[in-house]
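Novice: Sharing a structure, written as structure tokens. Questions coming.
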């Protein structure tokens, strides 16, 4: 056995290197890259938003939503069975909702709807004829600032239907509605899947109707008080495709207080709607109105202008942001220590003596 300066008389071991020595041979940048990659993936999983709750939007003047409206009327308001009625009269149009102001008193919004009527009309004598016409509706509402329920609403709606038997006669209905509503409490807007909110309400309603049909005209006004309970139940979360695109939205079943273009047609009881609310758009992307279980109207988002606020970081995201640099430092320290130990173990195995420190790097040619 050969011996000499720097060479121990102890024979070199012919056994295979230990697993820890083999691990130390993996290039350090590659190991750290793998670990850092795993940490980034882990943080990405933590940071991806899950089934977040329905979020209360932050409105500002200039926010706008435009909807496609489709529905049907079984009778024009103000007409009774003896004066003539409407059956299977389809309604199609556009609804535009604009926020005009938002401050401490609440959110003020203006809604304009207009479109066409087409279907059949029953005239006196129980005769059914084809009819077509137009409608337009304008409403100004003040939404309270917590759940955006309307506390003041003023609207006007006009229907004009041409009926042709031998000659063409026009039936017109003009309707004005003013409502002031008070709520026993204001439920939170933010609701998670399976949660619900409700509150009793009382509405003071003033209505004025002018009807002109088949040579007669009449005008009447009335005031009434309507009491009920408003409810909202978040059923689930799903993707909804409408004219404006596909959105992740919350499916909600809630009370139906009114619907653009259907003024005084939707009763105060027996009406509800299935609505899909999108946190991204800050409003509904789809609404379907029902009266006693029968669908009467639908609205689908066509376009919108709503600069959605950047979502804030939750506790999990903040914890993840803080944990990543700490974990990176800890892992890097562990890897450096492990590599140092592997070098020490290798030197000890080669020389048979405990090293007193790191050896200087070798120069070209093998000399220190």
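Novice: Out of all the residues in the range 164-184, is one or more buried (at least 19 other Cβ atoms within 10 Å of the Cβ), in a loop (DSSP other than H, G, I, E, B) and either in contact with a strand residue (DSSP E or B) (Cβ under 7 Å, 6 or more places away or on another chain) or touching a residue at least 60 places away in the same chain (Cβ under 8 Å) (or both)?
Specialist: No: zero hits.
Novice: Across the range 126-150, what is the number of residues that are touching a residue at least 40 places away in the same chain (Cβ under 8 Å) and in a loop (DSSP other than H, G, I, E, B)?
Specialist: Summing the residues that are touching a residue at least 40 places away in the same chain (Cβ under 8 Å) and in a loop (DSSP other than H, G, I, E, B) in the range 126-150 gives 6.
Novice: Restricting to the range 92-113, what's the tally of residues that are farther than 19 Å from residue 286 by Cα and part of a strand (DSSP E or B)?
Specialist: 7
Novice: Could you tell me whether any residue of the range 116-125 is in contact with a strand residue (DSSP E or B) (Cβ under 7 Å, 6 or more places away or on another chain) and not in a strand (DSSP E or B)?
Specialist: Scanning the range 116-125 turns up no residue that is in contact with a strand residue (DSSP E or B) (Cβ under 7 Å, 6 or more places away or on another chain) and not in a strand (DSSP E or B).
Novice: Go through the residues of the range 249-260 one by one and say whether even a single one is within 23 Å of residue 97 (Cβ to Cβ), loosely packed, with under 15 Cβ neighbours inside 10 Å and at pLDDT 95 or above.
Specialist: No, the range 249-260 has no match at all.
Novice: Next question, about the same structure. Please tell me if residue 160 is surrounded by fewer than 18 Cβ atoms within 10 Å (Cβ to Cβ) and in contact with a strand residue (DSSP E or B) (Cβ under 7 Å, 6 or more places away or on another chain).
Specialist: Here the answer is yes, as residue 160 does meet what is asked.
Novice: Does residue 114 satisfy the criteria of being assigned by TED's automatic domain parsing to the domain that holds residue 183 and surrounded by 18 or more Cβ atoms within 10 Å (Cβ to Cβ)?
Specialist: no
The values are calculated or read from the model by the stated rules, or taken from the named source; none is laboratory data. Treat the numbers as computed from the prediction; the structure is a model and nothing was measured. A quick note on method: Cβ atoms are made from the backbone with ideal geometry, for glycine too, and the neighbour counts reach across all protein chains shown.
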